[in-house]
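Novice: One structure follows; several queries about it will come next.
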Amino acid sequence: MKKWYQNLTNNYPFLKFLGNRYTLVLIFFVVWMLFLDNQSLWDQRSLNKQIDELEDNKAYYQEEIAKDEQSIKNLKNPGQTERYAREKYYMKKDSEDIYIIDIEEDRIKDSLAAAKQ
């Protein structure tokens with residue numbers, strides 16, 4: 001084994017440093033920490049991606065919560081409640097008639113907006 005190593009180091013002098021046991025331990029330690037450990041580089045990378053996705057979701061939901069809170073404040077006003085019911089649920093008074101005009105362009109915009117979410 002020793003003769004084989006000497007022949008190898010004579011042919012390739014840059015491999016001499018591998019004969020040192022400290023170098024071998026250092027290489028083993030680096031490989032272990034980068035690839036084999038529970039907190040390896042690959043695991044940390046995937047966890048960071050998940051954290052970024054969750055932070056994006058958090059920001060989106062906080063914006064939605066702010067919009068909903070504003071809607072709730074608006075609905076406490078009786079005039080706004082009536083307006084919302086008429087627009088969203090097509091409610092009417094007994095003496096009124098409602099005509100719904102459905103424009104195709106608006107449907108396309110609404111379907112595209114829903115698809116983005």
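The values are calculated or read from the model by the stated rules, or taken from the named source; none is laboratory data. Model, not experiment: these values are computed from the prediction. Methodologically, a virtual Cβ is constructed for each residue, glycine included, from the backbone with ideal geometry; neighbour enumeration extends over all protein chains shown.
Novice: Among (1) at pLDDT 90 or above; (2) in the same structural domain as Lys3 (by TED's automatic domain parsing), there is one condition Leu24 misses while meeting the rest; what is its number?
Specialist: All conditions pass for Leu24, except number (1).
Novice: Then there's this: So which residues in region 86-100 are over 17 Å from Leu75 (Cβ atoms) and either part of a helix (DSSP H, G or I) or outside the structural domain of Leu75 (by TED's automatic domain parsing) (or both)?
Specialist: none
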